[in-house]
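What follows is a short report on a single structure.
The values are calculated or read from the model by the stated rules, or taken from the named source; none is laboratory data. Keep in mind that what you see is a predicted model, and the values were worked out from it rather than measured. Cβ coordinates were reconstructed from backbone atoms using ideal geometry, including for glycine residues, and neighbour counts include every protein chain displayed.
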Amino acid sequence: MGKSRSPVTGDKMERRIRERLDWLADQREKLRVTKAIEKYQNPKRTFLVNLLAIVSNFVGLTFGTVLVIAVVIYILSLFTSAPLIGQYISVLLDWVNSFKKVKG
């Protein structure tokens, strides 16, 4: 037969969790200090990382905006036959199509 483990009491479990959380907090603080030192020791790398972050945010924002606008226009195109708003939507879609012809 296998060994039977004794159940861990609530106090022991809480103490182990607190010790683990304290250890994680210490590790996090050490990492923060290390990153701060790296920033001051290598400013070129920090600049390049920040530049890359800006460019990637810009590209992501641009693609996300284009995707949302395309989905909205597609959904609006489904309502062109609606009695009250269909006329306004078809005018809007004609304007978008004329803009695409000018740019494309």
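On the basis of being β-branched (Val, Ile, Thr), without any contact (Cβ under 8 Å) to a residue 60 or more places away in the chain, touching a Gly at 6+ places or on another chain (Cβ under 8 Å) and farther than 30 Å from residue 35 by Cβ, does residue 80 make the cut?
Yes, satisfied.
Condition check: touching a helix residue (DSSP H, G or I) at 6+ places or on another chain (Cβ under 9 Å) and either of a type in the set (D, E, K, R) or on the phi > 0 side of the Ramachandran plot (or both). Does residue 39 satisfy that?
The answer is yes for residue 39.
Exactly one of (1) loosely packed, with under 11 Cβ neighbours inside 10 Å; (2) outside any helix (DSSP H, G or I) is unmet by residue 95. Its number?
(2)
The rows are residues; the columns are (1) modelled with pLDDT of 90 or more; (2) of a type in the set (A, V, I, L, M); (3) on the phi > 0 side of the Ramachandran plot; (4) in contact with a strand residue (DSSP E or B) (Cβ under 9 Å, 6 or more places away or on another chain).
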residue: 18; (1), (2), (3), (4): yes, no, no, no
residue: 55; (1), (2), (3), (4): yes, yes, no, no
residue: 64; (1), (2), (3), (4): yes, no, no, no
residue: 81; (1), (2), (3), (4): no, no, no, no
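Which of the residues spanning the stretch 47-92 are in a loop (DSSP other than H, G, I, E, B) and within 31 Å of the chain's Cα centre (by Cα)?
Listed by number, the list holds a single entry, 78.
Quick one: which residue in 81, 77 is surrounded by fewer than 10 Cβ atoms within 10 Å (Cβ to Cβ) and of a type in the set (Ser, Thr, Tyr)?
Result: 81 is the single residue among 81, 77 that is surrounded by fewer than 10 Cβ atoms within 10 Å (Cβ to Cβ) and of a type in the set (Ser, Thr, Tyr).
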